[in-house]
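Peer 1: The structure's right below; bear with me while I get my questions together.
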Amino acid sequence: MAVAVRLPTILRPDAGGQAVVSAEGTTVGEVFADLVRQYPALSGKVVTTGGELHKFVNVYVNDDDVRYLDKLESKVIDTDEVSILPAVAGG
Amino acid sequence: MARYTSIVELIGETPLLDVSALSPNPGVALLVKLEGHNPGGSVKDRIARSMVEAAERDGVLAPGQVIIESSSGNTGIGLALVARAKGYKLKVVLPENVSIERRQLLEIYGAEIISSPGSEGSNGAVKVAQKLAADHPEWWYPYQYANAANPDAHYTGTGPEIWRDCPEITHFVAGLGTSGTLLGVGRYLKEQNPAVQVWAVEPPAGEMVDGLKSLDEGYIPPIFIDHGGADLLDRKKVVGPRVSIEAVRRLADVGVLCGISTGAALVGALKCAAEIESGVVVFLAADGAWKYLSTGAWTDDLDEVTERARHTLYF
């Protein structure tokens, strides 16, 4: 099952300049593993080598931050969009 | 009528308004805490007072001293109000892409504005303030992102007010900036009733952070980490500018004029109300409409307003 993955400006050069790419998987973790298979330059940038989400990355399934769902185990279906955004300050 | 001797005493004790007319679910009541009623016009008046008074108690701030802080606007305005009332000089590092009214209010209160690059958002403003504070140890730097008096203002003020006015609350929804509101109110409410859920809403980090050179330049407020923010929050939702502005217009339909981040909070509250069977959702309106009149949010074409909002810091 393929889902759309929206990349932040800063990661687009690692995916041939694309803003939205397609990746296979039924969980966020599987989708990211497939993303790295397609674009090896993304390795370690969203998911660390230790298998955790990068500290300064927020990942959403549609509008929900996966840290408050089931993290990398969060389920996705093919109508979902996974977005990766940098963590930045507000206030 | 109560009488007061300082404008600072008017901070807090904001009204809670029932706006259940906007609820998509007849089983869910919807209430909004109107922080625009603070004298400086936003929720940040609370932390400005709290941080300044804590520093006075600790002996690190004395009248006549210079205060330096970075802010996308509201904290700067709150500090400017408190500084003016208490006799401090204030310098605010302000990203250049904030609404004109924020700049005007700071100038009116007598604060000195130091501009930081808009492409770096609040992150860039923090960096400039940190450098200036390091170069001038004689200045006092509240550093709202790491100051325990920030969540404390909400733990001792906003949270107890909400609980007193609405003990039947089941869900609290607010915007995530420094995280102080969510941490302070969230902790207080969960101590009263552990079943209360705390939902955060944040704007998408879009064009505003294109100045980032790598993801390692990201930022998490130290108070969020120190106060166990990741364990405290139950959900976090990203809400874009278009739906936020639509929500601002819906609030105007019931007579509530508020800032764009409040529109985002309403979107979060409506999603919450739609997901649950029954409950009482309280969301926080961080500020009123006055600082956003120049954005045309209520009257201009929605596409044009949305496009402008993409390039303006409103959280």
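Peer 1: Could you list, ordered by first residue, the pairs with Cβ atoms under 8 Å in which the first is in region A:1-27 and over 21 Å from B:Pro204 (Cβ atoms) and at pLDDT 95 or above and the second is part of a helix (DSSP H, G or I) and of a type outside the set (Asp, Glu), at least 6 apart or interchain?
Peer 2: What qualifies is A:Glu24/A:Val31; A:Gly25/A:Val31; A:Gly25/A:Phe32; A:Gly25/A:Ala33; A:Thr27/A:Leu72.
Peer 1: Among B:Lys236, B:Lys213, which is the only one that is within 10 Å of another protein chain (Cβ to nearest Cβ) and closer than 27 Å to A:Asp70 by Cβ?
Peer 2: Working: B:Lys213 fails: closer than 27 Å to A:Asp70 by Cβ.
Of the residues listed, the single one that is within 10 Å of another protein chain (Cβ to nearest Cβ) and closer than 27 Å to A:Asp70 by Cβ is B:Lys236.
Peer 1: Condition first: over 19 Å from the mean Cα position of the chain (by Cα) and of a type in the set (A, V, I, L, M). Can you find one or more residues in region B:135-152 that meet it?
Peer 2: Checking region B:135-152: not a single residue is over 19 Å from the mean Cα position of the chain (by Cα) and of a type in the set (A, V, I, L, M).
Peer 1: Another question, if that's okay. Is it true that some residue in region A:57-73 is among the charged types (D, E, K, R) and over 25 Å from B:Pro221 (Cβ atoms)?
Peer 2: So the first thing to find is which residues in region A:57-73 are among the charged types (D, E, K, R), and the list is A:63-65, A:67, A:70-71, A:73.
Next, only the ones that are over 25 Å from B:Pro221 (Cβ atoms) stay: A:73.
Yes: region A:57-73 contains one or more residues that are among the charged types (D, E, K, R) and over 25 Å from B:Pro221 (Cβ atoms).
Peer 1: Looking only at region A:9-52, count every residue that is in a loop (DSSP other than H, G, I, E, B) and within 10 Å of the chain's Cα centre (by Cα) and tell me the total. Spell out the reasoning first.
Peer 2: Pass one, region A:9-52, residues in a loop (DSSP other than H, G, I, E, B): A:16-19, A:25-26, A:39, A:43-46, A:48-52.
Keeping just the survivors that are within 10 Å of the chain's Cα centre (by Cα) gives A:45-46.
Of the residues in that region, 2 qualify.
Peer 1: Check B:Pro221 against each of (1) within 25 Å of B:Thr170 (Cα to Cα); (2) within 11 Å of chain A (Cβ to nearest Cβ) and name the one condition it does not meet.
Peer 2: Failing condition for B:Pro221: (1).
Peer 1: Output the number of residues of region A:37-91 satisfying the condition of being more than 12 Å from chain B (Cβ to nearest Cβ), surrounded by fewer than 13 Cβ atoms within 10 Å (Cβ to Cβ) and of a type in the set (S, T, N, Q).
Peer 2: Qualifying residue count for the region: 2.
Peer 1: For region B:211-315, please list each of the helices (runs of 4 or more DSSP H) lying entirely inside it that holds at least 1 residues being in contact with a Pro (Cβ under 8 Å, 6 or more places away or on another chain) and either hydroxyl-bearing (Ser, Thr, Tyr) or not assigned by TED's automatic domain parsing to the domain that holds B:Phe172 (or both).
Peer 2: On the way: elements: B:222-226, B:229-232, B:241-253, B:260-275, B:302-309.
Once the helices (runs of 4 or more DSSP H) in region B:211-315 are filtered for at least 1 residues that are in contact with a Pro (Cβ under 8 Å, 6 or more places away or on another chain) and either hydroxyl-bearing (Ser, Thr, Tyr) or not assigned by TED's automatic domain parsing to the domain that holds B:Phe172 (or both), what remains is B:241-253, B:260-275, B:302-309.
Peer 1: Can you name the number of the only condition in (1) without any contact (Cβ under 8 Å) to a residue 60 or more places away in the chain; (2) in contact with a helix residue (DSSP H, G or I) (Cβ under 7 Å, 6 or more places away or on another chain); (3) under 30 Å from B:Leu270 (Cα atoms); (4) surrounded by fewer than 23 Cβ atoms within 10 Å (Cβ to Cβ) that B:Ser20 fails?
Peer 2: Failing condition for B:Ser20: (2).
Peer 1: Also, quick follow-up: Quick one: in region B:285-302, which of the residues that are in contact (Cβ under 8 Å) with a residue 40 or more places away in the chain and surrounded by fewer than 19 Cβ atoms within 10 Å (Cβ to Cβ) is nearest to B:Gly255 (Cα to Cα)? Talk me through it step by step, then tell me what you get.
Peer 2: Of the residues in region B:285-302, the ones in contact (Cβ under 8 Å) with a residue 40 or more places away in the chain are B:285-295, B:297-298, B:302.
The next check asks that each one be surrounded by fewer than 19 Cβ atoms within 10 Å (Cβ to Cβ); those that pass are B:290, B:293-294, B:298, B:302.
Values: B:Trp290: 14, B:Leu293: 15, B:Ser294: 19, B:Trp298: 12, B:Leu302: 19 Å.
Step by step, filter region B:285-302, then rank; the result is B:Trp298.
Peer 1: Then there's this: Within region B:44-85, can you find the residues that are in contact with a Pro (Cβ under 7 Å, 6 or more places away or on another chain) and at pLDDT below 95?
Peer 2: Result: B:Ser72, single match.
Peer 1: Mind checking which residues of region B:199-224 are surrounded by fewer than 22 Cβ atoms within 10 Å (Cβ to Cβ) and at pLDDT 95 or above?
Peer 2: Passing the criteria: only B:Pro222.
The values are calculated or read from the model by the stated rules, or taken from the named source; none is laboratory data. Note that the coordinates shown come from a computational prediction; the quantities given were computed from them, not determined experimentally. For neighbour counting, all protein chains shown are included, and Cβ atoms are generated from backbone atoms with ideal geometry for every residue, glycine included.
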